[in-house]
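One structure below.
All of the numbers you see were taken from the coordinates with simple rules; none came from a lab. In this text, all values refer to a predicted model and were calculated from it rather than measured experimentally. Cβ placement follows ideal geometry from the backbone for every residue including glycine, while neighbour counts extend to all protein chains displayed.
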Amino acid sequence: KDKKIILYAPTWKDDEQNDAWDHYFNLEIDLERLYDKFGDTHTILLKMHHLVSENFTIDEKMKDFAIDLSDYDDIQELYILSDILITDYSSVFFDYAHSRRPILFFVPDLEHYVSEVRGLYLNMETDMPGPLIKDNDYLIECIENIDAVENEYKERYDKFYEKFCSICKGH
């Protein structure tokens with residue numbers, strides 16, 4: 001009850017499979033570093049795509065910090081619980097934006113994803129309601145300074161909200 005909750009909900013990436021069509025997920029977020037830095041103050045909920053969640057394990061020492069809820073049915077309930085969303089290219093940020101809570105875009109593979117995997121509908125550099133984060137150092141910095149991040153991206157968030165969320169009033 002006294003911890004901030006981070007929801008990590010990345011997209012499934014078409015190119016993360018082996019020759020046997022087994023899917024995997026390259027977890028680029030350094031859970032170990034996040035645990036060392038935020039283990040006493042935060043909990044991270046991991047909502048991985050069902051095609052990769054079965055191949056994903058969390059170190060036992062982090063069981064109270066990193067909780068795998070990939071099999072949890074209703075992601076909307078996880079939106080409500082969380083204080084911060086970390087995602088990449090997943091459309092979850094459109095739904096989460098209704099909360100007006102901070103969104104961090106962890107995209108260390110941005111160039112590869114855009115040119116080799118799927119491409120994008122929006123310009124991430126100009127349209128996203130939060131920072132583009134390409135490494136774990138900056139991710140930690142953004143979580144540490146989440147109030148400043150919110151303030152820095154407020155105008156962009158408001159613009160995004162007006163364009164994509166304003167028709168819904170929360171009722």
Subject >> Hz values of 3J(HN,Hα) by residue in region 59-64 - Karplus curve (6.51, -1.76, 1.60), Gly and Pro given as x >> reply: 4, 4, 5, 9, 4, 8
**OP:** Starting at the first residue of region 100-108, write each ³J(HN,Hα) from the Karplus equation 6.51 cos²θ - 1.76 cosθ + 1.60 with θ = phi - 60°, in whole Hz, x for Gly and Pro.
**Re:** 6, 8, x, 10, 10, 9, 8, 10, x
**OP:** Return, ordered by residue number, the residues of region 146-171 whose backbone nitrogen is under 17 Å from a label point located 7 Å along Cα→Cβ of Arg100.
**Re:** 147-171
Original post:
What is the distance, in nm, between label points placed 7 Å from the Cα along the Cα-to-Cβ direction at Glu111 and at Asp2?
Top reply: 4.6
Subject >> Subset of Lys4/Lys61; Lys1/Lys159; Lys4/Lys63; Lys37/Lys134; Lys37/Lys61 violating a 21 Å alpha-carbon distance limit >> reply: Lys1/Lys159
Subject >> Pair Arg33, Lys63: separation of 7 Å Cα→Cβ label points (nm) >> reply: 2.7
